[in-house]
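A short worksheet on the structure shown next.
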Amino acid sequence: MISVEELEKNLIELAFAEDIGDGDHTTLCCIPEDAVGKSKLLIKEEGVLAGIEIAKKVFHAFDETMQVEVLINDGEEVAPGDVAMIVTGKVRSLLQTERLMLNIMQRMSGIATMTRRYVQRLEGTKTRVLDTRKTTPGMRILEKQAVKIGGGVNHRIGLFDMILLKDNHVDFSGGISNAISRCHQYLKDKGKSLKIEIEVRNFEELQQVLDHGGVHRIMLDNFSVEDTRKAVEMIAGKYETESSGGITIETIRDYAECGVDFVSVGALTHSVKGLDMSFKACK
C-alpha cells in the first residue's frame, strides 16, 4: 500500500509538471538567476489555517535551499492581515512555487474552516463529524488532513481500510444477510481484520441487520430526525451509529441530539470554498 509520504511526493511532482512544463518563461526571462528575496503568506479572510506542513514540502521539493519561517501553525484561527509565514530564497523559486502552494493551502484551509463550523455546532454532544470519499482526485490525503486539522474525523481513506456495505452492495448481493455473510467469509479467506459498516435505508433493513449481527457500525441513510431517534433506541448501544444523507450545518445538531455517534458530511470536501490568501513580495 502506498504511504502518505509517497502520495504527497507524487502529488507535488505531478502538480509541478502540470504548472511549469518546460519552464516558467515569464520568470526566467525577467528575473536574474542569482536574485534573492522574501515573500509573505498574507491572509485575507477569517478562517482556520491548514496546509503549512505540506507547503514546506512544496518549497523544499522545488528548491531545498528555501527557508520557511512559520508564524501561524495549522489549526489556528486567522484573520485578514495576518501573516502566516515568510519564505526566503531565490526569487525564481519563490515565483515558481507560489501558485501550487496557494492552491493547496487555500483549499485545505477552506476545508478546515468548514469542518470547524460543523464541529462547533456539535459542542456539548457526543457526536463527531466525519468526512467522506467525495474528494478531489489526487488530493484526498491532503483534504482529509484538513478535516482533521479542523477538528473532524476521517471516515476511511479509501476502499482498502474499512468495509462499507452500501445500498448497491446490498442490492447486488441479494440482501442484507448475504452481504454481511459474504463479507465475513472474504475477510476470513484473505486473513484480513477490517471494521464493517453497513448502510440501511429503512427500519426493515435495520431490523435485518440487528437480527443478523456481525457489524461494527450502522449507517442510517436519509433518515428523518424523528426516525433517527427511534433507530438509535432500537440499536441501543449494540453498534456504533452514523447518520448520513443531506445533513446540513443547520440540521446537524438535531441529528446529534438523537444520540448518534457520527454524522458524515460530504460537503466538507466536495463543495467547499477556498480561504482567500496571497503570497506577496516583502522586504
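The values are calculated or read from the model by the stated rules, or taken from the named source; none is laboratory data. Please read these numbers as outputs of a predicted model, since none were measured by experiment. Methodologically, a virtual Cβ is constructed for each residue, glycine included, from the backbone with ideal geometry; neighbour enumeration extends over all protein chains shown. Remember, those area values only see protein heavy atoms, side chains included, never the ligands or the DNA or RNA. Shrake-Rupley method; radii C 1.70, N 1.55, O 1.52, S 1.80 Å.
Using a 1.4 Å probe on the protein heavy atoms, what percent of the accessible area of the chain belongs to carbon and sulfur? Kindly include the intermediate steps, with their values, before the conclusion.
Numbers: 7030 of 14290 Å².
On the chain, the fraction of accessible area on carbon and sulfur atoms equals 49 percent.
Taking 0.36 nm per residue of separation and subtracting the Cα-Cα distance, what length does fully extending LYS126 through LYS57 add? Mind dumping the intermediate values first?
Details: separation 69, 0.36 × 69 = 24.84 nm, distance 3.57 nm.
Roughly 21.3 nm would be gained on extension.
Need the list of lysines near LYS195 for cross-linking: C-alpha distance under 27 angstrom, and skip anything on the same chain fewer than eight residues off.
LYS126, LYS134, LYS144, LYS148, LYS166, LYS230, LYS238
At 7 Å along Cα-to-Cβ for each site, give me the label-to-label distance between MET234 and LEU7 in nm.
About 3.4 nm separates the two model spin labels.
Return the FRET efficiency for the residue pair LYS44, MET162: r is the Cβ-Cβ distance, R0 is 45 Å, and the value is rounded to the nearest 0.05.
Details: r = 38 Å, r/R0 = 0.84.
Calculated value: 0.75.
In a Gaussian network model over the chain where Cα atoms closer than 10 Å are linked, find which of LYS188, LYS134, LYS90 has the largest mean-square fluctuation.
Top of the fluctuation ranking is LYS188.
Consider all pairwise Cα distances in the range 159-283 and report the whole-number % of them above 18 Å. Walk me through the numbers on the way to the answer.
Details: 4441 of 7750 pairs.
Of all Cα-Cα distances in the range 159-283, 57 percent exceed 18 Å.
At q = 0.13, 0.20 Å⁻¹, what log₁₀ I(q)/I(0) does a Debye calculation on the Cα points of the range 1-134 give, no solvent, two decimals?
Summing over Cα pairs of the range 1-134 leads to -0.64, -1.23.
Largest first, what is the accessible-area ranking of VAL260, VAL153 with a 1.4 Å probe?
Most to least solvent-accessible, the answer reads VAL153, VAL260.
Please list 3J(HN,Hα) in residue order for the range 41-58, calculated via the Karplus relation 6.51 cos²θ - 1.76 cosθ + 1.60 where θ = phi - 60°; whole Hz, with x for glycine and proline.
Using θ = phi - 60°, the values come out as 8, 9, 7, 10, 7, 5, x, 10, 6, 8, x, 4, 5, 6, 4, 4, 5, 4 Hz.
Given points 7 Å out from each Cα along the Cα-Cβ axis, report the ASP227 to ASN178 separation in nanometres with one decimal.
It works out to 2.3 nm between the two label points.
If you take the Cα atoms of the range 1-76, find Rg, then find the Kirkwood Rh from the mean of 1/r over all pairs, what is Rg/Rh?
Details: Rg = 15.0 Å, Rh = 14.9 Å.
A ratio of 1.00.
PRE reach from ALA17 (point 7 Å along Cα→Cβ): which of the range 26-63 fall under 14 Å by backbone N?
What the label zone holds, given the 14 Å backbone N cut-off, is no residue at all.
What does the convex hull of the Cα atoms come to per residue for the range 42-116, in Å³?
On the way: hull volume 5.6 nm³, N = 75.
That works out to 74 Å³ per residue.
About the Cα centre of the chain, what is the dipole size in debye to 20, counting +1 per Lys and Arg Cβ and -1 per Asp and Glu Cβ, all else neutral?
The calculated dipole for the chain is roughly 260 debye.
So what is the accessible area of the chain per residue, in Å², with the probe set to 1.4 Å?
On the way: 14290 Å² over 283 residues.
Averaged over the residues of the chain, the accessible area is 51 Å².
Over the heavy atoms of THR241, what accessible area does a 1.4 Å probe trace out, to the nearest 10 Å²?
10
Taking the simple approach of a point 7 Å from Cα along Cα-to-Cβ for both PHE203 and ARG133, what is their distance in nm?
According to this spin-label approximation, the distance is 3.1 nm.
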